[in-house]
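The structure appears below as structure tokens.
Computed from the coordinates by the stated procedures, all read-outs in this text should not be read as laboratory data. Just so it is clear, the model here is predicted, and its values are computed rather than measured. Ideal geometry is used to build each Cβ from the backbone, glycine not excepted, and the neighbour counts take in all protein chains shown.
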Amino acid sequence: MGLNTYDFCLAASDLLPLVVLIICATGITLFILVATHVVDFLLKTSRKGDIKQSTYESGMEPVGDTRRRFNVRFYMIAVLFLIFDVEIIFLYPWAVLYPRLSHPKGDEMVNWARGLSDAGYTPGFLLAAIGVFFALLLVGFIYEWRRGVFKWN
Amino acid sequence: MWDPAVKRVESILRNWRVWLAVIVVLPVLAAVVLWLALPLYKDPAANILSNPIWFPIIVAVVMLLSILTSTAVCILAERKLAGFTQDRKGPNRVGFWGLLQPMADGMKFFFKEDIIPHNVDKPLFMLAPCITLTISLIGFAIIPWAGDVHFDWMAAGETVSTQVASLNIGILYILAVGSIGVYGIVLAGYASNNKYSFYGGIRAAAQMISYELPMGLALLCLLLVCGTLRLEEIVNQQAQTGVWYVFVHPLPFLLFLTSVFAEANRMPFDLCEAEQELVGGFHTEYSSMKFAMFFLGEYAHMITGSAIMIALFFGGWHCWGLTSVENTAWWAMLIKLGVYIAKIAIFIWFFMVIRWTIPRFRFDQLMRLCWLALVPVGIVLLIATGVLSAVMDLQDGWNWLASLAVNVVVLIIMLAYAARSKTSITGRQGNMPDVDVRPT
């Protein structure tokens, strides 16, 4: 089942307005950015100086740079997010197909569901399979909870 | 006030009769222009509106401009509401009832000096507000504004969808765009090379990625009922059965609402720009129009977020007895659009009321609320809905009551567990000294 040219053009024509929208939105933001600098240049009111251009630190002289260490918990949250978000994205195909498979509507869907059931992929099997997948996620979640990753004190 | 010309202009703009005349005359003028242009629409071959390629592009441009304009109106509304909440008048100087305030703000932003500090990462510093604004402007691409519409010049039974792009991965598009939105704020915090900005940015990153999980889980629960990722089909299902998904799944709606608040960095969750701790947060070093872009981005995000929430849980353009899937006339389209905009206005009002009534969370409360309250509720509810959808078809007849009952049971169980557990979600930290503040 390859992707023929007609299908590809059909899909592309669906996406064309989206591309136009993204180009328009980018254009508007870039226009605002350029216009700010042009207005700034034309008015020529800008005076530069060491004090004025220095980093704001509540009126004190800035101490050092900001490229420094930060709390490791933020890193832990990012790692956890990667794992959990990917697992949740993996559940999406199942969540879309599962109600259609267990309660098919229309002849075509009924035939499709029967075909899958005959091949061994019954709704019960799919529920059990996704249950195992989800249980792995849950074990990880409970482990992290017990290890105190979510404690911020 | 020393210039008589300025005084004259101001007195005209303060007069409510002038505003009434503008409000009456402008629609009349628009109607006359449309009536004069009517012969142009009558020829189907020459008509750009009946072309399936051009119509979504027109929708895209119109919606882009109207969202940009309505952000300005939103800012005025927010300031007015803040005024009423705090028992003052709010902006009332520019124009009648302060109606020209957004314009004055925009002008002021444009002519303010644009300061770029010495030690910033200059390309990233300029890129960050652009990313924020662009991302919040493209989020509304999949929203079915007014369903399908049939114009008089089209062949019988032929309709066009009032949607920018009818994506078959609509809901995934929402999640993807929401994820890119993190970059703008994090890059702003990193590129500013300022400690306040950096902490604001890193807090925002942790908050926004954490709250994507409850959002994803809530959407999964919804998907198990509707079985499609296309937003227009989700809205059509709700319109056909007349049961909005908020009645089928109230708890996922609450999860989704909380996540939208957190993703838009609105008040109870605006730790990344907490004024009392971090000055301006991630936009401390920004000035002039670059700051305004963050502002516009936040309000556009709010509008898009409420529009998505309405499409998923509140039936989109559907209102009982007023709109239906079958009625595709152009006047029905206008009614549907009106219903949609009214719902968005209610949601934005809700966002603003919450902002001016509820105090900000502490960061550990925020993280615990997400990981120890919303995510477990989402997981339990997903398992329950999965089992329930194996037993019965949730779209059939009165079966949605079973789903509602499951929601209520899960809520009661979770609340009972939270009441029994020793550490509360939003309360004090465990190792804090116990201070008795009661009068003796």
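See the values below:
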{"item": "Region A:44-113, dipole about Cα centre (Lys/Arg Cβ +1, Asp/Glu Cβ -1), debye to the nearest 20", "result": "540 debye"}
{"item": "Globularity index of region A:12-147, i.e. its alpha-carbon radius of gyration over 2.2 N^0.38 Å", "result": "1.95"}
{"item": "B:ASP87 versus B:LEU100: modelled label distance in nm, points set 7 Å from Cα along the beta carbon direction", "result": "3.2 nm"}
{"item": "Span-rule helices in chain A, defined as complete DSSP H runs reaching 18 Å or more along the axis (Cα) with Kyte mean at least 0.5", "result": "A:5-43, A:72-102, A:123-147"}
{"item": "Shape parameters for region B:144-261, alpha-carbon atoms, Rg then Dmax in Å", "result": "18.9, 63"}
{"item": "Shielding by other protein chains, B:205-216, mean Cβ within 10 Å", "result": "4"}
{"item": "Number of partner chain Cβ atoms within 10 Å, mean per residue of B:359-368", "result": "2"}
{"item": "At least 18 Å along the helix axis (C-alpha) and Kyte average at least 0.5, DSSP helices within chain B", "result": "B:16-36, B:54-85, B:122-138, B:170-191, B:212-226, B:250-263, B:288-313, B:330-355, B:375-391, B:400-420"}
{"item": "Set of lysines with alpha-carbon distance to A:LYS151 below 22 Å, sequence-local pairs under 8 removed", "result": "B:LYS422"}
{"item": "Chain A: calculated mean residue ellipticity at 222 nm from DSSP helix runs of at least 4, using -39500 (n - 2.57)", "result": "-25000 deg cm²/dmol"}
{"item": "Estimated Rh, region B:209-266: Kirkwood, alpha-carbon pairs, angstrom", "result": "11.9 Å"}
{"item": "Region B:67-147 - convex hull of the alpha-carbon atoms, volume per residue in Å³", "result": "152 Å³"}
{"item": "Inter-part distance where region A:54-133 and region B:143-207 are each reduced to a Cα centre, Å", "result": "18 Å"}
{"item": "Highest to lowest packing among B:310-321, B:405-416, B:110-121, scored as the average C-beta count within 10 Å", "result": "B:310-321, B:110-121, B:405-416"}
{"item": "Farthest toward positive dipole pole in the protein assembly as shown [+1 Lys/Arg, -1 Asp/Glu at C-beta], among B:LEU312, B:PRO252, B:MET352", "result": "B:MET352"}
{"item": "Label-point gap, in nm, between B:ILE12 and A:ALA128 - each point 7 angstrom along Cα→Cβ", "result": "8.0 nm"}
{"item": "Estimated 222 nm signal from helices in chain B, with DSSP H stretches of n ≥ 4 weighted -39500 (n - 2.57), rounded to 500", "result": "-21000 deg cm²/dmol"}
{"item": "Distribution of pairwise C-alpha distances over chain B, 20 Å bins, in %", "result": "21, 51, 26, 2, 0"}
{"item": "Segment A:HIS37-A:ARG73, extension gain: residue separation times 0.36 nm, minus the distance between their alpha carbons", "result": "9.1 nm"}
{"item": "Cβ neighbours within 10 Å from other chains - mean over A:78-91", "result": "4"}
{"item": "Unit charges on C-beta of K, R, D, E only; dipole of region B:56-418, Debye", "result": "960 debye"}
{"item": "B:VAL61/B:ALA416 FRET efficiency (R0 45 Å; Cβ-Cβ; nearest 0.05)", "result": "0.30"}
{"item": "Residue of A:ILE51, A:ILE83, A:ILE32 that the Gaussian network model of chain A assigns the largest fluctuation, springs spanning Cα pairs under 10 Å", "result": "A:ILE32"}
{"item": "Estimated FRET transfer efficiency (B:ILE341, B:ALA21; beta-carbon r; R0 22 Å; 0.05)", "result": "0.35"}
{"item": "Cα-based convex hull volume of the protein assembly as shown per residue, rounded to whole Å³", "result": "227 Å³"}
{"item": "Relative packing of A:58-65, A:24-31, B:291-298, which averages over residues the other C-beta atoms within 10 Å, highest first", "result": "B:291-298, A:24-31, A:58-65"}
{"item": "Above-threshold pairs, the threshold being 27 Å between Cα atoms, out of A:LYS52/B:LYS7; B:LYS112/B:LYS343; B:LYS122/B:LYS195; B:LYS7/B:LYS290", "result": "A:LYS52/B:LYS7; B:LYS112/B:LYS343; B:LYS7/B:LYS290"}
{"item": "Theoretical FRET efficiency, 1/(1+(r/R0)^6), r = Cβ-Cβ of A:VAL19 and B:GLU233, R0 22 Å, to 0.05", "result": "0.45"}
{"item": "Highest-fluctuation residue, B:ALA390, B:ALA332, B:ALA218 considered, GNM on chain B with Cα pairs under 10 Å", "result": "B:ALA390"}
{"item": "Fluctuation leader among B:ARG420, B:ARG368, B:ARG14 - chain B, Gaussian network, Cα springs under 10 angstrom", "result": "B:ARG420"}
{"item": "Inter-probe distance in nm under a simple model that places probes 7 Å from Cα toward Cβ, at A:ARG100 and B:ASP396", "result": "1.9 nm"}
